[in-house]
Structure formats: C-alpha cells, structure tokens
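Accompanying notes for the structure given below.
The values are calculated or read from the model by the stated rules, or taken from the named source; none is laboratory data. Given the structure is predicted, the values throughout are model-derived calculations rather than measurements. Don't worry about glycine lacking a Cβ; one is built from the backbone with ideal geometry, like all the others, and counts go over all protein chains shown. Heads up: the accessible areas ignore ligands, DNA and RNA and are worked out on the full protein's heavy atoms, side chains in. Shrake-Rupley method; radii C 1.70, N 1.55, O 1.52, S 1.80 Å.
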Amino acid sequence: GDILLQRNSYSAALKAYREALKFNSQVYIVWEQILRIEISNGDYEHVINDGKSALRIFPNQVALYVFTGMAHAWLQRHQEAIAYLQQAINLKPTDSELLDQIYTTLGSSYNSLKRYKESDDAFENALTYNPLNSYTLNNYAFYLAIRGVALDKALKMSQQAIALNPNNSSLEDTYAWILFKQKKYQEARLWIEKAIQNDHNGGGVQKEHYGDILFHLGEKWEALEQWK
C-alpha cells in the first residue's frame, strides 16, 4: 500500500490497505491512509463509515474525528459535522494546521445552519492559527457579504486572499460580490469579468452574479443572457 501510494496508484493502494486490515486492524496509520485516499477521491460516505470503524478502535485520535466531521460537512450534514469537529477540539490538539482546518470547517457548517455568531467565532479562531489561508479568508468574506454585514472587513479579507492566490476565479467572484453589496457596480463588473475569464470549469455562480451586476447597471437584456 505504501509503495503504491508513493506511485500515486491510489485505487491499488486502497485495496492493499484494506487487505492489510484483514490481518491486523490495530495499526492506526493504515486507517488514516485509507481515509486520506477516500477524501482525495471525494468518497465521503466511505470516509464516514471507515471513520466510525476506526474510532471504535482508536477513540482518542483527533484526525479520525476531523476526517469524519469534514466528510459530513461536504455531504451537507452539518449537525453531525459539528459534533465530530467539537469532539476533535475536546481532545486538545496542538497542531496549528489541523486546528485551522477544524475551525474553518466549523465556520462553514455553523453558517449553513444560520448560527452566524458561532460561525464568525470559528473563522476568527481559524485565522489565529493561519492568518494567510486564502480559503478561510475567502469563505469568511463571502459569508459576511451574503449576510450584508461587516462589508469593509470582508473586502479587506477578500483582497488579502486574492493577493495570496491571484487569478483564482472563486476568490475574484467573492471580491466582485462584496463590491456589488457595497453598490460599487462598475468595480464589481470589472472583477466579475476577471472571474469569468479565469474560470475554466464553466461555473454558473459567476454568470449569475454577472447578471445581477449588469441588471443594476441598467443593462437588463445583457443581464438576462447571463441568467439564462
């Protein structure tokens, strides 16, 4: 499994690790490698099932709670995500990177449940562990913009995220949306056009935002085309 993983043969490595568990399920690192491969494959149901199995054997391993909690969050099961991530925090981890990941995921889950104070607190905690995480800065800024609160703060965080990770369409879309919420429609248009130019996945969110911006600039037919 280890050799195959080094060769980036993830499916074969996963099969080998599962075979290893049949002989000895008490080796923690094997479980962790399985969960990491499943997460990288986006196989979140298996992450949850295997995470629960691993936790029955290793109930004090922080990473197992984190992986299982994140998988729940990605499947929009936010109550379950919060429960696992809070358990991870209760074990008092000291790894800054892991704590950043925990609190960033908590911030998104709390936001999805409209528990905004807890969401903001979680993002603030995440930034104390890694103030230069463009993903955290962007998500926090976007959620503030959606709520229409602390827009100046959101704009600064969005600017910082773009400086850390330039030409990223998702980050540029967030910046455009904050400008839109501030009614700076011309500036918002420039940035949403940059976002669309840098978007190689044909995402609909940028087009929707572009339509909203054009509508407020009085270009209603052009807005309609973007919404379509």
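Restrict the search to the stretch 111-140; then list the trypsin sites (Lys or Arg not before Pro) that DSSP places in a loop and that have at most 11 other Cβ atoms within 10 Å of their Cβ. Could you put the intermediate results ahead of the total?
Values: sites: Lys114, Arg115, Lys117; in loops: Lys114, Arg115.
Answer in residue order: Lys114.
Every Cα-Cα pair of the stretch 106-228 was included, and the share exceeding 24 Å stands at 27 percent. Take Trp227: with every protein chain present and a 1.4 Å probe, its accessible area is about 110 Å².
How charged is the neighbourhood of Arg18? Take every other residue with its Cβ under 15 Å from the Cβ of Arg18, and add Lys/Arg as +1 and Asp/Glu as -1. Don't jump to the answer; show the numbers that get you there.
Numbers: positive: Lys15, Lys22, Arg36; negative: Asp2, Glu19, Glu32, Glu38, Asp43, Asp50.
So the surrounding residues net to -3.
What shape does the stretch 57-130 take by its C-alpha gyration tensor, where a ≥ b ≥ c are the square roots of the eigenvalues and a/c under 1.5 counts as rounded, a/b above b/c as prolate, and the rest as oblate? Walk me through the numbers before you get to the answer.
Values: a/c = 2.09, a/b = 1.18, b/c = 1.76.
Cα axes put the stretch 57-130 in the oblate bin.
When the accessible area of the chain is computed with all protein chains present and a 1.4 Å probe, what percentage of it is carbon and sulfur? Spell out each step's value before the answer.
Details: 6040 of 12210 Å².
The C+S portion of the solvent-accessible surface of the chain is 49 percent.
Straight-line cross-link reach from Lys52 at under 29 Å between alpha-carbon atoms covers these lysines, not counting any fewer than eight positions away in the same chain: Lys15, Lys22, Lys92, Lys114. Normalised by the number of residues in the stretch 87-200, the mean separation of alpha-carbon contacts (under 8 Å, six or more apart) gives a relative contact order of 18 percent. Under the criterion of Cα pairs below 8 Å and six or more residues apart, the relative contact order for the chain equals 9 percent.
Counting only protein heavy atoms and using a 1.4 Å probe, the accessible area of Tyr17 comes to about 10 Å². On a per residue basis, the stretch 17-117 carries 50 Å² of accessible surface, using protein heavy atoms and a 1.4 Å probe. How tilted is helix 151-164 with respect to the longest principal axis of the chain? Cα atoms for both, answer in degrees (0 to 90, nearest 10). Between the helix axis and the principal axis of the chain, the angle is about 60 degrees. Per-peptide packing, taken as the mean over residues of other Cβ atoms within 10 Å, places 157-165, 8-16, 22-30, 125-133 in the sequence 157-165, 125-133, 8-16, 22-30 from highest down.
Given the DSSP H assignment, sum -39500 (n - 2.57) over each helix run of at least 4 residues in the chain and divide by its residue total; what's the result at 222 nm in deg cm²/dmol, nearest 500? Value at 222 nm, helices only, nearest 500: -25000 deg cm²/dmol. The share of C-alpha pairs in the chain whose separation exceeds 24 Å stands at 54 percent.
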